[in-house]
Amino acid sequence: EGVQPQDYTLIKMEVIPPFPPKMECLKGKRVFLAAGTLRPETMYGQTNAWVLPEGKYGAFEINETDVFVVTQRAALNLAYQKLSKDLEKPINEVIYALPMLSILMDKGTGVVTSVPTDSPDDYMALNDLKLKPALRAKYGVEEDWVKQCELYPIINIPEFGDKAAEKVCIDLKIKSQNDKEKLAEAKRLTYLKGFTEGTMLVGEFKGRKVQEVKPLIKNMLLETGQAVMYSE
Ligand code: A2H
């Protein structure tokens, strides 16, 4: 654990019934995957969510009607944190939860939102699923679920264009989501520049600097009930 607390924005993604057998007891509740992100301003480009296939997640009641699917560790942390005023409007696009093999179960909620235009990890994990039928078969992922995850440009970075993660992954010749060293370099290259030099291409703050609008977008997600804060 770091010394500085890490403040995550938890993006609420409602699970659409019918629920799998293990979750049948939750019928009638609103169930959300809650993904921890440091980049709430990238939510316009979300294509899917990520979970660890072998990871142990729980479903935790956060109030009378709502249930969060997260790690037990995050649920315990959340229990000690006052959840901000609740939450009427979930994000309503339909997306799939897909397997990502590099998820850490002791960071955030263990659920990650996927923005393949701006996150090298997300881009490579999606690329692996697109290119590798055996990987899809292993985790029961249908090709259609992956095909519908089209890259949707949301931020321009002068040096890297409108799909920074894709460009950097190609430039560095990254082979897969397991290419840890090169991915660390790709993240280093894109993360800071996205924040300091990025401009929004979409949404209500189109044309403005990422740095300026990040807190505004975060507040909007909180006020509309699409997100809650979480720190660890
Ligand atoms: B970020 P830090 Cl567009 N395991 O969100 C692995 N990765 C996790 C995780 C976990 N349990 N929980 C969160 N994360 C990811 C967006 C994003 C992120 C973009 C670009 C960069 C980026 C969309 N994915 O992070 O080690 C989440 O991905 C680059 C650092 O706590 C979260 O923000 O700094 C980020 O890692 C938190 O990483």
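If you go through the stretch 93-129 and pick out every residue that is closer than 27 Å to Gly161 by Cβ and either loosely packed, with under 15 Cβ neighbours inside 10 Å or acidic (Asp, Glu) (or both), you end up with 6. Here the stretch 26-46 is the region considered, the condition is being of a type in the set (Val, Ile, Thr) and within 10 Å of the ligand (Cβ to nearest atom), and the residue that is farthest from Gly194 (Cα to Cα) is Thr37.
Considering only residues that are surrounded by fewer than 23 Cβ atoms within 10 Å (Cβ to Cβ) and in contact with a helix residue (DSSP H, G or I) (Cβ under 8 Å, 6 or more places away or on another chain), look in the stretch 10-35 and name the one that is farthest from Arg73 (Cα to Cα). Walk me through how you get there before you give the answer.
Residues of the stretch 10-35 that are surrounded by fewer than 23 Cβ atoms within 10 Å (Cβ to Cβ), as a first pass: 12, 14-31.
Then keep just the ones that are in contact with a helix residue (DSSP H, G or I) (Cβ under 8 Å, 6 or more places away or on another chain); that gives 15, 19, 31.
Numbers: Val15: 21, Phe19: 23, Val31: 18 Å.
Among them, the one singled out is Phe19.
For every residue, the table says whether it meets (1) under 18 Å from Thr42 (Cα atoms); (2) in a helix (DSSP H, G or I); (3) not aliphatic (A, V, I, L, M).
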| site | (1), (2), (3) |
| --- | --- |
| Tyr152 | yes, no, yes |
| Asn156 | yes, no, yes |
| Glu166 | yes, yes, yes |
| Lys173 | no, no, yes |
| Ser176 | no, no, yes |
| Leu183 | no, yes, no |
| Leu189 | yes, yes, no |
| Lys193 | yes, yes, yes |
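Any idea how many residues of the stretch 173-232 are exposed (fewer than 13 other Cβ atoms within 10 Å of the Cβ), under 15 Å from Asp118 (Cα atoms) and over 19 Å from the mean Cα position of the chain (by Cα)? So the answer is 1. Take the conditions (1) surrounded by 20 or more Cβ atoms within 10 Å (Cβ to Cβ); (2) touching an Asp or Glu at 6+ places or on another chain (Cβ under 8 Å); Glu166 misses just one of them, which is (2). In summary, Glu204 fulfils each of the numbered conditions (1) in contact with a Pro (Cβ under 9 Å, 6 or more places away or on another chain); (2) under 20 Å from Leu38 (Cα atoms) with the single exception of condition (1).
Every read-out reported here was derived from the displayed coordinates using simple, explicitly stated rules and does not represent laboratory data. Please read these numbers as outputs of a predicted model, since none were measured by experiment. Every residue, glycine among them, receives a Cβ derived from its backbone with ideal geometry; neighbour counts consider all protein chains shown.
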